[in-house]
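Structure, as structure tokens:
The values are calculated or read from the model by the stated rules, or taken from the named source; none is laboratory data. Since we're looking at a predicted model, the values are computed, not measured. Here the Cβ positions follow ideal geometry from the backbone for every residue, glycine too, while neighbour counts run over all protein chains shown. The protein model used for the area step is the full one, side chains on, heavy atoms only, and it has no ligands, DNA or RNA in it. Shrake-Rupley method; radii C 1.70, N 1.55, O 1.52, S 1.80 Å.
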Amino acid sequence: MDGDHACCEGALAAGCRFVAGYPITPSTAVVERFARRIPRVGGVFIQMEDELASSIAIQGAVWAGKKAMTVTSGPGYSLMMEHIGLAVMTECPCVFVNVQRGGPSTGLPTLPGQADMMQARWGSHGDYEIIALCPDSPQECFDFMIDAFNLSEQYRVPVMFMMDECIGHMIEKVTIPEADKIDVTPRNYTKLPPDQYLPFKPAENMVPEMVKAGDGYRIHVTGLTHDYRGYPVMSADCQEELVHRLVNKINRNEEKIRHIIATDIEDADVVVIAYGITARVAVDAIALARKQGVKVGLLRLVVVWPFPEAVIRDLANKGKALVMAEMNYGQIYYEVERCAQGKVPVLLAGHGGGDVHKTEAIAEKIVEANKCLS
Amino acid sequence: MAIRYHDNPFGKHKPGGPKGRVVIVEDGCKGCGFCVEYCPNDVLVLSSRYNVKGYHPPEVVHPDKCVNCGFCRMICPEFAIYTVAIEPETV
Amino acid sequence: MSVIDELQQAVKNSPRQSPGDEHPMSNFLRMDRIPHIWCPTCGIGTTVNCFAQALERCSIPLDDVAVVSGIGCTGRVAGYVKTDSFHTTHGRAIPFATGLRLGNPKLKVVVFSGDGDLFSIGGNHFNHAARRNLDMTVICVNNFNYAMTGGQVAPTSPTDSVLTTSPYGNFETPFNLPFLAESVGATFVARWTALHIHRVTESMIKALMKPGFSFIEIIAPCPTIFERKNKFGDGLDRLKFYHDNSEIIHGAPTKDVDIGLRNKIIVGEFVDIERPTFIESMNAYLKRRLGSDYDIYEG
């Protein structure tokens, strides 16, 4: 099964029953599989007229009580930005899958890229926090898709599932566990009666409880700055309270959301940081560098946003040189550099996309970083 | 030949048509005059008073003419006027 | 206490409102949000009255109704109606409503938005929702301009209309909305003005009860901008204009109902046809192809 198909199966396993999409290479296989599969499990797939429509139709379905997602790539992701903002503002749990390709613009439709990472973080206007996951194999496309849905329900936030063309088209064995072994987070519906319920009043974890349309709560949901009732309030105070909470419900739970996979970093002098397909290339590069006598480990970011700042600070405090390997000219690199606070050398092994890294390119940077240390 | 109506047919009072009472949410009014212009029985005029927003709200000049048709409520863009039925026995 | 709070307090304590008289709209409107933001003599509030009346007359429980709006003056309707209401992004009310309706086909989904929102930025979504015959009612309050942003020319502004971005007069050809709606597949198409309150209500009832994609255009005065800039007087003058210049022709060929700046406005119910809705078609096709593997979708 390839990554695109595994992503679809993962979503279905997570309970996703509404998908709106628009075909775009290299994510098309996901919508094609949904079109075949979802009617058989009691869900709806609709091919919308464009990505703008797809990205908001899923939010309509979420408020109707469905778990929903959309999937796209490069240019389509740019079109979806407005509705990522809407999903953040209205705290609408949903998943956006981006099978990244080379950009900017139409770029490289059939070849990989990892240059949408900052767009995932900051693409919509305004200040906000989202969660972004990066799988590195078809198996992880399945497994982490379930995590993506669970996180979106837990924090009522749109979750970005940042695949890339390589992962999407990579065919590997995928083990699908028994349905009862899959941990699925249900939506947190309120138990309060309509007269006591305030749709945007945060519970203890800063996340409000949800209701769905048609349940008699007669809620108002708006993309405008709103108070607990959901009514628009045009004031700096309300803005401060709302945006502060939207940002902090993710930031303050960073440790809980954090998902990193560290390999051999305890004794390492150099740590390679990577995510997605590049993390797999980095494994080979690390083996190559170790042959040359460099003590090097790998820190793989599965959850890239919220960024695990404390982990990077810790590595920097321990004096480990850092090599950021990613398929762009420095996006997460600057985050790493910021967290390193100049205490250790931070090197970028990057390129513009279109192909995975050459193993030697990352290995060279590892050796160079090691030299910087001494 | 014109039909003649009797005030007291068969010795009974002629049954009255529906009657209504106009309720004006005066301070919600923005003085557009729609209700005054389109009241079919000319129950309302614009008053010379000002409301809290500085508009002239309507006032009822012919309360007896209101037939509770509700046109004023329907055409009022401000949801600031409506009529309440008056039960026939209280007329 | 803010100015708004003071006003609300004042409205609540209004001496003319006798205690015990409950506002007939209080079940339908979010009274805690009234007064609304619309200008004096604006026609949008009137259309909301008609909508409330239509819902009441069809006996649709308000809990089952969802109102979706986009952005703009009419986009604010969702904020004032006491149903499940969604104020979405600019132009995207229809795709949001698509998801809402498909997510829960028991909901009565109504899109209430303006001409710029539905036909300029959201034009493509309108076409496709009508083509698919998605079960929803689209109510478009057409005030011929972008009023919320200060009166720019819209795709519905009649030729010659003077607006802030057509200071020398609009030289473009506007959309003829009923014609557009019919040609892309709407099953019910009507046009009225804000003066035709009973007709609007009747058409709304028909649209709400009709399965499939129904469309009602309501021409409403925008006294602050369109009427002022084009020397039509205020909203009341404009209602008088509608009174004198609208002609009711039910079933008129929609290609003939375009609107000139000062011409006669043809109103009426133009289209009323039957077509299988999106969900009906989906269920029929998938059942035929998948047999026992497919359960009829009901939400």
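For peptide C:32-41, the mean count of partner chain Cβ atoms within 10 Å of a residue's Cβ comes to 5. Mean projected area of the Cα convex hull of the stretch C:220-296, taken over all directions, amounts to 8.4 nm². Secondary structure note: in the stretch A:93-225, about 20% of the DSSP beta bridges are antiparallel. The GluC sites (Glu not before Pro) of the stretch C:216-299 that DSSP puts in a loop, and whose beta carbon has at most 12 other beta carbons within 10 Å, are C:274, C:298. Inter-chain Cβ neighbour count for C:123-130, averaged per residue, equals 3 (cutoff 10 Å, partner chain atoms only).
By the Cβ-Cβ criterion of under 4.7 Å, the unpaired cysteines of chain A are A:8, A:16, A:92, A:94, A:134, A:166, A:238, A:339, A:372.
For the stretch C:246-299, what relative contact order do you get, as a whole percent, if you take Cα pairs closer than 8 Å and at least 6 residues apart?
Values: 43 pairs, mean separation 15.5, N = 54.
That works out to 29 percent.
Rounded to the nearest whole Hz, the Karplus-based 3J(HN,Hα) values (6.51 cos²θ - 1.76 cosθ + 1.60, θ = phi - 60°) of the stretch C:160-168 follow the sequence 5, 5, 8, 9, 5, 9, 9, x, 9, with x at glycine and proline. Heavy-atom accessible surface of the stretch A:34-113, averaged per residue, reaches 24 Å², computed with a 1.4 Å probe.
Counting only DSSP H runs of at least 4 residues, each contributing -39500 (n - 2.57), and dividing by the residue count of the protein assembly as shown, the helix-based mean residue ellipticity at 222 nm comes to -10000 deg cm²/dmol.
Highest mobility in the GNM of chain A, judged by mean-square fluctuation with C-alpha springs under 10 Å and restricted to A:148, A:361, A:115, is found for A:361.
Work out the mean other chain Cβ neighbour count within 10 Å for the residues of C:75-85 and drop it here as an integer. Per-residue shielding by partner chains comes out at 4. Normalised by the number of residues in chain A, the mean separation of alpha-carbon contacts (under 8 Å, six or more apart) gives a relative contact order of 16 percent.
For chain C, the relative contact order comes to 17 percent (Cα pairs under 8 Å, sequence separation of at least 6).
Quick check: from the Cα gyration tensor, does the protein assembly as shown come out rounded (a/c under 1.5), prolate or oblate?
Numbers: a/c = 2.41, a/b = 2.16, b/c = 1.11.
Note, shape of the protein assembly as shown comes out prolate.
Using alpha carbons only, the radius of gyration of chain A set against its Kirkwood radius gives Rg/Rh = 0.99. With a simple spin-label model that places each label point 7 Å from the Cα along the Cα-to-Cβ direction, the separation between residue A:224 and residue B:62 comes to 4.1 nm.
If you take the Cα centroid of the stretch C:95-128 and the Cα centroid of the stretch C:198-214, the two points sit 16 Å apart.
Less than 5 angstrom separates the built amide H of residue A:210 from those of A:188, A:189, A:190, all sequence-distant by 5 or more or on a different chain.
What is the Cα radius of gyration of the stretch A:1-148 over 2.2 N^0.38 Å, N being its residue count?
Values: Rg = 13.9 Å, N = 148, 2.2 N^0.38 = 14.7 Å.
Against the compact-globule rule of thumb, the ratio is 0.95.
Of interest is the spacing of the C-alpha centroids, which for the stretch A:215-284 and the stretch A:360-374 amounts to 32 Å.
Shape verdict for the stretch A:328-374, please, from the Cα gyration tensor: rounded (a/c under 1.5), prolate (a/b greater than b/c) or oblate. It comes out oblate by the Cα gyration axes. Beta bridges per DSSP, both residues in the stretch A:1-257: antiparallel share near 20 percent. Of the solvent-accessible surface of the stretch A:109-260, computed with a 1.4 Å probe and all protein chains present, 51% belongs to carbon and sulfur. Against chain A, whose longest principal axis is taken from its Cα atoms, helix A:236-251 shows a tilt of about 50°.
Residues of the stretch C:236-252 that lose at least 30 Å² of accessible area (1.4 Å probe, protein heavy atoms only) when the other protein chains are present, relative to their chain alone, are C:236, C:239, C:240.
Which of the trypsin sites (Lys or Arg not before Pro) found in the stretch C:80-173 are loop residues per DSSP with 14 or fewer other Cβ atoms within 10 Å of their Cβ?
Here the trypsin sites (Lys or Arg not before Pro) that fit, given the DSSP loop and packing criteria, are C:106.
Stokes-Einstein at 4 °C, 1.567 mPa s, Kirkwood radius from Cα pairs: D for the stretch C:22-274 in µm² s⁻¹? Please list the in-between numbers first.
Details: Rh = 17.8 Å.
Approximately 73 µm²/s, per Stokes-Einstein.
Tell me the carbon and sulfur percent of the accessible area for the stretch C:22-274, rounded to whole percent, probe radius 1.4 Å.
Numbers: 4250 of 7990 Å².
Whole-percent figure for carbon plus sulfur exposure: 53.
In chain A, the longest principal axis of the Cα atoms and the axis of helix A:3-13 are about 40 degrees apart. Reported to the nearest whole Å, the Cα centre-to-centre distance from the stretch A:175-196 to the stretch C:21-51 is 38.
When DSSP assigns beta bridges and you keep just the ones with both residues in the protein assembly as shown, what percent turn out antiparallel, to the nearest 5?
Details: 28 of 97 bridges.
Of the beta bridges lying entirely in the protein assembly as shown, close to 30 percent run antiparallel.
Each of B:50, B:38, B:81 was scored by the projection of its Cα onto the charge dipole of the stretch B:30-90, and the greatest displacement toward the positive side belongs to B:50; charges sit on the C-beta of Lys, Arg, Asp and Glu.
Report the accessible surface area buried between chains C and A, summing both sides, using a 1.4 Å probe on protein heavy atoms only, in Å² rounded to the nearest 100.
Values: alone 14310 and 15410 Å², together 26380 Å².
What C and A bury together is about 3300 Å².
Interface area, chains B and C: about 2900 Å² of buried accessible surface, summed, with a 1.4 Å probe and ligands, DNA and RNA left out. Rolling a 1.4 Å sphere over the protein heavy atoms, what is the accessible area per residue of the stretch B:30-90, to the nearest Å²? On a per-residue basis, 46 Å². Taking Cα atoms only, the orientation of helix A:277-291 departs from the longest principal axis of chain A by about 20 degrees.
Kirkwood hydrodynamic radius computed over the stretch B:30-90 comes to 12.1 Å, based on all pairs of distinct alpha carbons. Rounded to the nearest 20 debye, the dipole magnitude of the stretch C:22-274 is 300 debye, with +1 charges on Lys and Arg beta carbons, -1 on Asp and Glu beta carbons, and the Cα centre as origin. Cross-link reach is defined here as a Cα-Cα straight distance under 18 Å, omitting same-chain residues fewer than 8 places apart; for residue C:108 the lysines meeting it are A:66, A:212, C:82, C:206, C:210. Assuming R0 = 22 Å, what is the FRET efficiency of residue C:273 and residue C:243, from their Cβ-Cβ distance, to the nearest 0.05? Taking R0 as 22 Å, the efficiency between residue C:273 and residue C:243 is 0.15.
For the stretch A:296-374, what class follows from the C-alpha gyration tensor (a ≥ b ≥ c being the square roots of its eigenvalues): rounded when a/c is under 1.5, otherwise prolate if a/b is larger than b/c, else oblate? Oblate, because a/c is 1.5 or more while a/b does not exceed b/c. With R₀ fixed at 60 Å, the C-beta to C-beta distance from residue A:195 to residue A:291 puts the FRET efficiency at about 0.30.
Using a Förster distance of 22 Å, how high is the FRET efficiency between residue A:41 and residue A:181, based on the Cβ-Cβ distance and rounded to 0.05? Taking R0 as 22 Å, the efficiency between residue A:41 and residue A:181 is 0.80.
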